[in-house]
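Participant: Can you keep this structure in mind? I'll have questions shortly.
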Amino acid sequence: MHPCVRPSGLSRVSIATFLFTMSIFFISCASQPSAPPKLEPFNTDALTTVLTRGASTMDEVREALGAPNGSGSALLPTAEGPRKVWFYEKMKASMFGAAPSVEQHVLMVFFKDDRFDGFLWFSGGQ
């Protein structure tokens, strides 16, 4: 057989399989992108420096934190009655590599008689 003649049949399939496997291998070894940027957390400093418990109005809270994502009420065990609650949320879901990533920040602002009465916030991500 002449050295420039390629074998036919099964050998072509073997060569194609080898090339495909190697291309997958090299693609999987490519560098992964850097981690997605983190969400900016809420301005919780404003809750303790700008706003005053029992004195700041709902308009002042809106000015300090922006418009809430939602509102409702809460009946807490130590409260004399229901409290108005504003809900703030920041969430980002993304795929980083093969694993999904979810980052979430939640802030709840409580009011008593339409005055700032307290807050609760938490942040989570994986």
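Participant: If only one of 101, 123 is touching a residue at least 60 places away in the same chain (Cβ under 8 Å) and over 21 Å from residue 45 (Cα atoms), which one is it?
Facilitator: Only one candidate passes the filter, namely 101.
Participant: Collect the residues in the range 42-61 that are surrounded by 13 or more Cβ atoms within 10 Å (Cβ to Cβ) and free of Cβ contacts under 8 Å to residues at least 40 places away in the same chain, keeping them in residue-number order. Before you say what the answer is, go through the steps one by one.
Facilitator: As a first pass, look at the range 42-61 and keep what is surrounded by 13 or more Cβ atoms within 10 Å (Cβ to Cβ): 42-44, 46-47, 50-51, 53, 56-58, 60-61.
Listed by number, the residues that qualify are 43, 46, 50.
Here is a yes/no grid of residues against (1) aromatic (Phe, Trp, Tyr); (2) touching a helix residue (DSSP H, G or I) at 6+ places or on another chain (Cβ under 8 Å); (3) closer than 14 Å to residue 43 by Cβ:
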position	(1), (2), (3)
61	no, no, yes
70	no, no, no
83	no, no, no
105	no, no, yes
111	yes, yes, no
119	yes, yes, yes
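Participant: Could you check the range 64-95 and list, in sequence order, the residues that are assigned to a strand (DSSP E or B) and among the aliphatic types (A, V, I, L, M)?
Facilitator: Let us first name the residues in the range 64-95 that are assigned to a strand (DSSP E or B), namely 70-74, 83-95.
Passing the criteria: 74, 85, 91, 93, 95.
Participant: Take the residues in the range 43-63 that are touching a Leu at 6+ places or on another chain (Cβ under 9 Å) and part of a helix (DSSP H, G or I), then tell me which one is nearest to residue 106 (Cα to Cα).
Facilitator: This residue is 44.
Participant: Out of all the residues in the range 100-117, which are in a strand (DSSP E or B) and surrounded by fewer than 17 Cβ atoms within 10 Å (Cβ to Cβ)?
Facilitator: Listed by number, the residues that qualify are 100, 101, 102, 104, 106, 112.
Participant: Can you find a residue in the range 82-94 that is buried (at least 16 other Cβ atoms within 10 Å of the Cβ) and more than 23 Å from the chain's Cα centre (by Cα)?
Facilitator: Within the range 82-94, one or more residues are buried (at least 16 other Cβ atoms within 10 Å of the Cβ) and more than 23 Å from the chain's Cα centre (by Cα).
Every number here is computed from the coordinates shown, using simple stated rules; none is lab data. Note that the coordinates shown come from a computational prediction; the quantities given were computed from them, not determined experimentally. Every residue, glycine as well, gets a Cβ built from its backbone with ideal geometry; the counts of neighbours run over all protein chains shown.
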